[in-house]
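What follows is a set of notes on a single structure, which appears directly below.
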Amino acid sequence: MKYAFISGASSGLAQAAIKKLTENGFIVFCADIVYAENKVENNLHYIKMDITKDEDIASAFEYVKNITDKIDVVSNFAGIVTLGSLVELPINTLDRIMAINLLGTYKINATFFPLVKNANGRIINISSEYGKICGIPFHGYYGISKHGVETYNDSLRRELLSSGVKVVCIRPGAFKTKMQAGVTNQFDEMVKNTKMYKAPLTKMQKMMIDELKKAKSAELFAKTYLKAVLSKRPKKYYKINNSFKMKVLSALPSGLQDFIFYKFLK
């Protein structure tokens, strides 16, 4: 019997991944804050869990441990996007996104590691194309959290090279999910409320809309996720639907990047 633990299980990408896992014989523990209670349906165990609460993570671990002593795959899909200026939003804005996107990933993996180790399983960390591209104005909160995931992922992978546990990182770009739809609403609010950046944000909003038109179906992500799960020799990183413009911009010298952003924001 194969087991997977997925946090942030109600998200669009997670739902697509869970579907692939069950089609391939996995029993999946689906943990998310949106579930009213713990319940079981076929090969899915739904667990109510707030990833920002240590006691909820510990409770989820006890639930799983009472059913199995091994987990073949663990992934944290819980994540939020926060758009806005690093000097205009409240000073505690970074706290929540780091608690979910970075600390959530770390705590889930650390808690469930003994069960993953028992299975010689794998940890698949969900980063983003923003985890490797250059710092983008007004996307700093999300970029900081995902750059943190990347550094954590690389450190963990190297620690576990001789352990039998594989660590894989996936960097999705734009996909058609509720999170992606929420980005549009956030940008509208950002343009409405900014006091310093009305003109450049209006220009950037048009560019963002063009990029979002390139969003792909979550099914494409799920196929790649399954490769990371099942491959005997998975890649260290999987990139899916990453922005060509952002890759080119990130390849430029930092001084030239600054000049481009200066001209854009002027």
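The values are calculated or read from the model by the stated rules, or taken from the named source; none is laboratory data. The structure displayed is predicted, hence computed values, not measured ones. All Cβ positions, even for glycine, are placed from backbone atoms using ideal geometry, and neighbour counts span all protein chains on display.
Some points to look at:
- Strands (runs of 3 or more DSSP E) lying entirely in the stretch 32-81 (those with 2 or more residues that are out of contact with any Lys or Arg (no Cβ under 8 Å at 6 or more places or on another chain) and not polar (S, T, N, Q)): 39-41, 44-48
- Of the criteria (1) under 15 Å from H139 (Cβ atoms); (2) among the hydrophobic types (A, V, I, L, M, F, W, C); (3) touching a Ser or Thr at 6+ places or on another chain (Cβ under 6 Å), which one I240 fails: (1)
- For the stretch 111-119, the criterion of being polar (S, T, N, Q) and in contact with a Leu (Cβ under 9 Å, 6 or more places away or on another chain) is satisfied by no residue at all.
- Scan of the stretch 217-232 for residues that are farther than 17 Å from S127 by Cα and either without any contact (Cβ under 8 Å) to a residue 40 or more places away in the chain or touching a Gly at 6+ places or on another chain (Cβ under 8 Å) (or both), ordered by number: S231, K232
- Residue match in the stretch 253-261 (condition: under 29 Å from L161 (Cβ atoms), in a helix (DSSP H, G or I) and touching a residue at least 12 places away in the same chain (Cβ under 8 Å)): no
- Restricting attention to the stretch 243-252, the residues being touching a residue at least 40 places away in the same chain (Cβ under 8 Å) and either touching a Ser or Thr at 6+ places or on another chain (Cβ under 7 Å) or part of a helix (DSSP H, G or I) (or both) number 4.
- Cβ pairs under 7 Å, 6+ apart, first in the stretch 30-55 and under 20 Å from Y3 (Cα atoms), second surrounded by fewer than 13 Cβ atoms within 10 Å (Cβ to Cβ) and of a type in the set (D, E): K48/E37
- Unmet criterion (only one of (1) at pLDDT 95 or above; (2) more than 18 Å from the chain's Cα centre (by Cα)) for Y141: (2)
- Listed by position, the helices (runs of 4 or more DSSP H) contained in the stretch 101-216 that have at least 2 residues being free of Cβ contacts under 8 Å to residues at least 12 places away in the same chain, surrounded by fewer than 16 Cβ atoms within 10 Å (Cβ to Cβ) and among the charged types (D, E, K, R) are 140-159, 178-193, 198-212.
- Criterion: surrounded by fewer than 13 Cβ atoms within 10 Å (Cβ to Cβ) and outside any helix (DSSP H, G or I) - qualifying residue of K232, K239: K232
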